[in-house]
Amino acid sequence: MKISIRVIKFILLASIIYSCNAQENKIHEHYADEAFFILDTTCNNVDINNKKFNISIQRDRYNERMQPYSVVDSIDGTNSILYSPVTMVFRGQDNLIQLVQKYDFYPTKLYKGVSQDLSKSGRLYLVRSESANNAWVLRTHYLVFIDEGEIRIREIFKSGTLSFVAYNKNDNEILILNSVWGGGETAFEKHRQEIVKYRFDKSNSLSSQNIGITKFKYGNEMTDMTASQVLNQIKRKEPYLFRNINLDEYIQE
């Protein structure tokens, strides 16, 4: 019995598709397997550039040698998963995995700069919080976006325990206050503030502008102050720093 070239091509194509689907199923099953991962957070219908994704933030149970993470690695000696790597899995609405991103053990979360609802339109951010001695925190902020059909994650700036981050309602500008420590000052005291303004362009590139450093000292999170309170205090005492900035357009992270 003769088999046409067209039939042979069809059989080969079907075999390739079946093989790819089988491989995708194995990958999906692996990252959904609680024997290998502990689920931290699941975020469904997350909007990234007007497309919806389901995103899970989970922790590895085992290292690359299939050894469980030890309680010796934890801060308080009780949580064996605390220092295990964070694995982020991005899935489309068809449940197919679009991106797997692995980070070290620092706490990781997603947020919107202009909305707390991740399903709403607006820029999507990722922040990872590195703690030092359970007191000082260094936060690394990333932008999550789509470029040429692919999900991208790009580091954009850092902030600390004594930093405030406020986002413009236009979704394109960010104000950051960083405390400038003087001699002998502690975290629970007022500090001068360095003001930096960031702005996105149409290609998601971020530029920064140093607005200046205040002459007077202001409070921070450690002194029970909010970003809005500190920004408005600076505006009243040193209005020239916000000459071309409308603070009413900004909301706190």
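The values are calculated or read from the model by the stated rules, or taken from the named source; none is laboratory data. Just so you know, these numbers come straight off a predicted model, no measurement behind them. Note that each Cβ is placed from the backbone with ideal geometry, even for glycine, and that neighbours are counted across all protein chains shown. What goes into the accessible areas is simple: the full protein's heavy atoms, side chains included, and nothing from ligands, DNA or RNA. Shrake-Rupley method; radii C 1.70, N 1.55, O 1.52, S 1.80 Å.
When Gly182 is tested against (1) open to solvent by less than 70 Å² (accessible area, probe 1.4 Å); (2) in contact with a His (Cβ under 6 Å, 6 or more places away or on another chain), exactly one condition is not met: (2).
Within the stretch 140-150, restricting attention to residues that are open to solvent by 20 Å² or more (accessible area, probe 1.4 Å) and not hydroxyl-bearing (Ser, Thr, Tyr), the residue that is nearest to Lys112 (Cα to Cα) is Ile146.
Give the residues of the stretch 151-172 that are over 16 Å from the mean Cα position of the chain (by Cα) and either modelled with pLDDT of 95 or more or of a type in the set (S, T, N, Q) (or both), sorted by residue number. Answer for the stretch 151-172, where residues must be over 16 Å from the mean Cα position of the chain (by Cα) and either modelled with pLDDT of 95 or more or of a type in the set (S, T, N, Q) (or both): Thr161, Ser163, Asn168, Asn170, Asn172.
Could you check the stretch 207-228 and list, in sequence order, the residues that are of a type outside the set (Lys, Arg), over 15 Å from Ser163 (Cβ atoms), open to solvent by 50 Å² or more (accessible area, probe 1.4 Å) and at pLDDT 90 or above? So that I can check it myself, show each step before the final result.
Initially, the stretch 207-228 is screened for residues of a type outside the set (Lys, Arg), giving 207-214, 216, 218-228.
Checking the rest, the ones that are also over 15 Å from Ser163 (Cβ atoms) come to 207, 209, 212, 216, 224.
Now narrow it down to the ones that are open to solvent by 50 Å² or more (accessible area, probe 1.4 Å): 207, 209, 216, 224.
Across the stretch 207-228, the qualifying residues are Ser207, Gln209, Phe216.
Just one of (1) under 18 Å from Glu249 (Cβ atoms); (2) open to solvent by 60 Å² or more (accessible area, probe 1.4 Å); (3) assigned to a helix (DSSP H, G or I) fails for Leu231. It is (2). Go through the stretch 91-110 and report how many residues are under 13 Å from the mean Cα position of the chain (by Cα) and surrounded by 15 or more Cβ atoms within 10 Å (Cβ to Cβ). Of the residues in the stretch 91-110, 6 are under 13 Å from the mean Cα position of the chain (by Cα) and surrounded by 15 or more Cβ atoms within 10 Å (Cβ to Cβ).
Among the residues of the stretch 190-206, those identified as open to solvent by 80 Å² or more (accessible area, probe 1.4 Å) and assigned to a loop (DSSP other than H, G, I, E, B) are Lys190, Lys202. Counting only residues that are of a type in the set (Val, Ile, Thr) and touching a Lys or Arg at 6+ places or on another chain (Cβ under 9 Å), the stretch 152-200 holds 5 of them. Taking the stretch 151-179 as the range and being surrounded by fewer than 17 Cβ atoms within 10 Å (Cβ to Cβ) and under 20 Å from Asn232 (Cα atoms) as the test, the residues that pass are Lys169, Asn170. Within 16 Å of the chain's Cα centre (by Cα), within 26 Å of Tyr167 (Cα to Cα), part of a strand (DSSP E or B) and modelled with pLDDT of 85 or more: is that true of Thr140 in this structure? When the stated conditions are applied, Thr140 passes them. Ser119 passes every criterion in (1) closer than 15 Å to Lys51 by Cα; (2) open to solvent by 70 Å² or more (accessible area, probe 1.4 Å); (3) not hydrophobic (A, V, I, L, M, F, W, C) apart from (2).
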